[in-house]
Amino acid sequence: MTEKRRRRDRRIKPVKKAVFPVAGMGTRFLPATKALPKEMLPLVDKPVIQYVVEEAIASGIEEIIMITGRGKNAIENHFDRSIELEHLLLQRNQHEVLANIQEISNMVDFWYIRQKEPLGLGHAILKAKDLAGDDPFAVLLGDDVIQSDDKPGLRQLMDVYAKIGASVIALEEVPMDKISSYGVVDPEWTDGALCKIKGLVEKPAKQEAPSNLAVIGRYVLTPSIFDHLENVKPDSKGEIQLTTGLNALCAEEPVYGLRFTGKRYDTGNKMGFLVAMVEFALRRDDLGKEFRDFLKNLKP
Ligand code: G1P
């Protein structure tokens, strides 16, 4: 290893913290989400948010900062201990279920911060400033569930960060007729799965999209993003967009995009949610075969 490389590696801090913005109202899933946070909708028997938390932990995250809002207490309860339930399961000798329930609450350290008003993704992330401190941190959006048999989605970004010490954003090529649902990057150059990002456009019209590379809900960011977010002006809806902050970051320091490997499920829309539910059920050892037979025999 050269002296230059050694010095650079010493400067690159490990990513240990992750921010989960979970204050969104979930209006696309009403009435199911009137009293239940959308993050708690289950894929088979596990809430969507737990898949994403498990991905963060499998990637090496040690602290999770949830940015919550009104009506989101179920998320806090889910990752907390439930002494009464544990007691009941013990009495009933349901040891396997008990171990599973206990594992959820022992997963990692959780912090909760309330976002009092829905002022956008950038505003939610800004709420984590004091807890994130001077360290690089990850952001995971709960709607995007990534299934990867190889390396967890976030870990792929963290590995790039560990090498280059610059912000990295997860990207996926999407069909142009879907591009206006995403933040879209303008790549300066592309080298295999990696690209250097020149700028980003939030939800552009098809003809104005700078590429077909959409931002997926996984980011590793340097703490300088906070200074930029503090200066972002609210958009026409009064929201502080993360994409605007990222654009300012790109102008000041290198920001990279990574086309990750694995399958992404957009559980934030009904079709994506159904696809995820069916595929996750088919993958289960205890249900997969029976469910596959049921689907095969389904009459049109
Ligand atoms: C957010 C981001 C967008 C990104 C998307 C990924 O949008 O603003 O840049 O492409 O997440 O899921 P949302 O889906 O919250 O409207």
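The table that follows gives values for the structure above.
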{"quantity": "Test set (1) modelled with pLDDT of 95 or more; (2) of a type in the set (S, T, N, Q); (3) more than 25 Å from S59 (Cβ to Cβ) - S236 fails condition number", "calculated": "(1)"}
{"quantity": "Subset of the stretch 128-161 [modelled with pLDDT under 95 and of a type in the set (K, R)]", "calculated": "none"}
{"quantity": "Candidate set from the stretch 77-113 (those that are in contact with a strand residue (DSSP E or B) (Cβ under 6 Å, 6 or more places away or on another chain) and of a type outside the set (A, V, I, L, M, F, W, C)); member that is surrounded by the most Cβ atoms within 10 Å (Cβ to Cβ)", "calculated": "Y112"}
{"quantity": "Residue under evaluation Q207, criteria (1) polar (S, T, N, Q); (2) more than 19 Å from P254 (Cα to Cα); (3) within 15 Å of the ligand (Cβ to nearest atom), criterion not met", "calculated": "(3)"}
{"quantity": "Subset of the stretch 82-121 that is of a type in the set (V, I, T) and over 30 Å from V232 (Cβ atoms) - its residue that is nearest to the chain's Cα centre (by Cα)", "calculated": "I104"}
{"quantity": "Lone unmet requirement of (1) in a strand (DSSP E or B); (2) surrounded by fewer than 16 Cβ atoms within 10 Å (Cβ to Cβ) for V275", "calculated": "(1)"}
{"quantity": "Filter result (within 14 Å of the ligand (Cβ to nearest atom) and of a type in the set (K, R)) within the stretch 157-180", "calculated": "K178"}
{"quantity": "Failed criterion for E208 (all others in (1) among the charged types (D, E, K, R); (2) over 18 Å from the mean Cα position of the chain (by Cα); (3) surrounded by 12 or more Cβ atoms within 10 Å (Cβ to Cβ) hold)", "calculated": "(3)"}
{"quantity": "Criterion: surrounded by fewer than 16 Cβ atoms within 10 Å (Cβ to Cβ), within 22 Å of D266 (Cβ to Cβ) and away from the ligand (no atom under 16 Å from the Cβ) - qualifying residue of D150, D130", "calculated": "D150"}
{"quantity": "Selection from the stretch 188-202 of residues that are surrounded by fewer than 19 Cβ atoms within 10 Å (Cβ to Cβ) and over 18 Å from the mean Cα position of the chain (by Cα)", "calculated": "E188, W189, T190, D191, G192, A193, L194, K196, K198, G199"}
{"quantity": "Residue within the stretch 181-198 that is basic (K, R) and either within 15 Å of the ligand (Cβ to nearest atom) or within 22 Å of G60 (Cα to Cα) (or both) present", "calculated": "no"}
{"quantity": "Cβ pairs under 9 Å, 6+ apart, first in the stretch 31-49 and under 20 Å from M107 (Cβ atoms), second part of a loop (DSSP other than H, G, I, E, B) and among the hydroxyl-bearing types (S, T, Y)", "calculated": "M40/T33; L41/T33; L41/T267; L43/T267; V48/T267"}
{"quantity": "Among residues of the stretch 226-269, those that are over 18 Å from the mean Cα position of the chain (by Cα), of a type in the set (D, E, K, R) and farther than 17 Å from V184 by Cβ, counted", "calculated": "7"}
{"quantity": "Selection count where residues are in contact with a strand residue (DSSP E or B) (Cβ under 9 Å, 6 or more places away or on another chain) and of a type outside the set (G, A, S), scope the stretch 258-300", "calculated": "14"}
{"quantity": "Filter result (surrounded by 16 or more Cβ atoms within 10 Å (Cβ to Cβ), within 14 Å of the ligand (Cβ to nearest atom) and not in a helix (DSSP H, G or I)) within the stretch 213-237", "calculated": "L213, A214, V215, I216, G217, R218, Y219, L221, V232"}
{"quantity": "Filtered residues of the stretch 141-167 (kept if out of contact with any Pro (no Cβ under 9 Å at 6 or more places or on another chain), closer than 24 Å to G24 by Cα and not charged (D, E, K, R))", "calculated": "V145, Q147, G153, L154"}
{"quantity": "Every residue from the stretch 238-257 that is within 14 Å of the ligand (Cβ to nearest atom), over 16 Å from I125 (Cα atoms) and touching a residue at least 60 places away in the same chain (Cβ under 8 Å)", "calculated": "V255, G257"}
{"quantity": "Residue under evaluation M25, criteria (1) over 30 Å from Y161 (Cα atoms); (2) modelled with pLDDT of 90 or more; (3) part of a loop (DSSP other than H, G, I, E, B), criterion not met", "calculated": "(2)"}
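The values are calculated or read from the model by the stated rules, or taken from the named source; none is laboratory data. No experiment lies behind these values; they were computed from the predicted model shown. Every residue, glycine as well, gets a Cβ built from its backbone with ideal geometry; the counts of neighbours run over all protein chains shown.
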